[in-house]
Amino acid sequence: MRDALTYAQAHQPSLRAALDRVNVARADAQVPRAAWLPRAGGVAEIFGGTTNNTTASYVNVPDVALPRIGATRATDTGSWSPSPSTLAAVSVDQELFDFGRIAAQSAAADSVVKTVSQQAELERLAIALMVKEAYFAVQGAKAVLRAAQDGYERTRLHRDWAEAGVKSGLFAPIERTRAEADLARFDVNRMRAEGGVASGQAVLAAAVGSPERMLDIEDADIAVPPLPPVNQAFADAAAHDPAVLAARARLESERAVTRAIGAETRPDLLLVGGFSTRAGGATPSSGPEPRFNGWLPDVPNWDVGVLLHWPIYDGVVSARQRASSARERALQSELDSVLQQEVAAVESAYVEAQVARAALDALQRSVEAARANYAQAEARFKAGLGTALELADAEYLRTDAEIQLAGGRFALARARAVIAKLLAEES
């Protein structure tokens with residue numbers, strides 16, 4: 001069991017996908033923090049156009065903070081004659097103070113990591129339960145197969161006894177034909193039990209993510225751990241079950257998103273610096289004419305300053321914040337629903353486990369009684385006092401009791417595994 005669980009944790013594709021999603025969320029969480037890094041940009045432009053009361057014309061681009069410099073001769077009517085203009089510039093911006101905006105965005109991204117991590121943990125526990133169920137299914141199928149094989153061997157021996165009794169005149173021929181029919185039926189049961197084992201082994205291989213078509217288990221009983229007190233189970237499930245924690249994390253994540261949206265309207269303080277060279281071909285209002293007629297940007301400039309940007313009000317931001325608050329209320333209702341379902345699931349699993357444990361004692365007594373009944377029927381048959389029908393009934397009773405016992409053990413082990421998943425117990 002331990003090997004199966006360990007292998008599944010390392011090789012089950014669905015769990016690997018869940019862990020990859022956690023890594024993606026962690027990488028996304030670094031995006032808002034990158035706003036503290038400096039930003040650099042460059043631009044080079046050359047174009048022509050009219051230059052009425054302007055020179056060294058240029059187009060602003062988002063990545064370059066470029067102050068406006070230059071003036072042309074003022075005209076009364078303007079001119080449609082074009083003049084060349086060239087520009088080359090680089091600038092660097094550095095965040096000085098964000099008034100908590102970046103911190104709010106980072107907190108929202110971190111809350112997503114927490115949510116995805118809980119979902120990955122939920123996937124891990126689901127896979128562990130799937131592996132345990134498959135493991136116990138193979139174990140139960142093997143117990144059924146042993147019961148079917150033992151029943152078949154005993155029935156074959158009965159057939160031989162009946163045949164010998166018919167030859168000796170102790171039994172009527174009908175005893176032999178009945179024994180033959182019983183042997184055929186037990187042979188079918190044996191073959192079906194073999195198919196059940198093979199099917200369980202195939203499910204186990206898929207559950208652990210093995211490339212093999214089928215996996216077998218060691219023939220060793222696994223002790224079912226005792227149940228914790230039910231009140232403690234309710235508290236543990238609410239505190240540790242990833243299904244509850246994921247729902248709670250989704251609510252906290254949406255609250256963080258609401259705060260981050262509200263922080264978008266806070267001021268932004270930047271340190272801005274740049275270097276540029278430019279030239280314009282338009283006639284200036286004073287001073288010398290530009291060299292190369294504006295086709296070569298050979299006039300240098302530099303600048304440095306502090307820029308405060310404050311989006312005081314944005315209706316779209318306000319609407320997004322209201323929508324996020326509405327999602328918070330919906331997620332709170334979902335959390336309440338998950339908690340209610342958790343209580344019901346724990347209660348149901350406890351009832352199933354308690355019924356299975358109580359039934360197991362009765363099934364064990366049933367097996368003991370069926371074996372004693374079979375021993376009596378076998379002794380009567382050997383002494384010529386019993387019939388093949390009486391012996392067959394005893395054999396059916398014994399084999400069925402042993403199969404029911406195997407099913408009872410599987411039911412108890414499965415119910416305990418479900419409780420382990422709900423309580424997030426370590427496998």
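The values are calculated or read from the model by the stated rules, or taken from the named source; none is laboratory data. What you are looking at is a predicted structure, and each value in this text was computed from that prediction instead of being measured. Note that we place each Cβ from the backbone using ideal geometry, even for glycine, and neighbour counts take in every protein chain shown. These area figures cover heavy atoms from the full protein model, side chains too; ligands, DNA and RNA do not enter into them. Shrake-Rupley method; radii C 1.70, N 1.55, O 1.52, S 1.80 Å.
Structure notes:
- Sulfur and carbon atoms: percent of accessible area, region 118-191 [1.4 Å]: 55
- The charge dipole of the chain, taken about its Cα centre with unit charges on the Cβ atoms of Lys, Arg (+1), Asp and Glu (-1) only, comes to about 220 debye.
- For Lys142, a cut-off of 22 angstrom between C-alpha atoms picks up these lysines, skipping any fewer than 8 places away in its own chain: Lys132.
- Value of Rg/Rh across region 363-423 [Cα atoms, Kirkwood radius]: 1.28
- Here region 232-347 yields Rg over Rh of 1.46, to two decimals, using C-alpha coordinates and the Kirkwood radius.
- Taking label positions 7 Å along the Cα-Cβ direction at both Ala239 and Arg185, the computed distance is 5.5 nm, reported to one decimal.
- Percent carbon-and-sulfur accessible area, region 294-362, ignoring ligands, DNA and RNA, probe 1.4 Å: 63
- With Cα atoms, 0 to 90° folded angle of helix 315-382 axis to the chain main axis: 10
- Two-site FRET efficiency, Val230 against Gln364, from Cβ-Cβ distance with R₀ of 25 Å, rounded to 0.05: 0.50
- Under the Debye formula (equal points on every Cα, no solvent term), log10 I(q)/I(0) of the chain at q = 0.05, 0.09, 0.12 Å⁻¹: -0.44, -0.81, -1.06
- Under 13 Å from Lys114, Cα to Cα: aspartates and glutamates that are on another chain or at least 8 residues apart: Asp28, Glu252, Glu254
- C-alpha long axis of helix 242-263 to longest principal axis of the chain, angle in °: 10
- Solvent exposure of the chain as accessible area per residue, Å², 1.4 Å probe: 54
- Under the combined filter of DSSP loop state and at most 13 neighbouring Cβ atoms within 10 Å, region 376-421 retains none of its chymotrypsin sites (Phe, Trp or Tyr not before Pro).
- Note on Lys382: lysines with a C-alpha under 22 Å away, same-chain residues under 8 apart excluded, are Lys167.
- Theoretical ellipticity at 222 nm over the chain - DSSP helices of four or more residues, -39500 (n - 2.57) apiece, nearest 500: -23000 deg cm²/dmol
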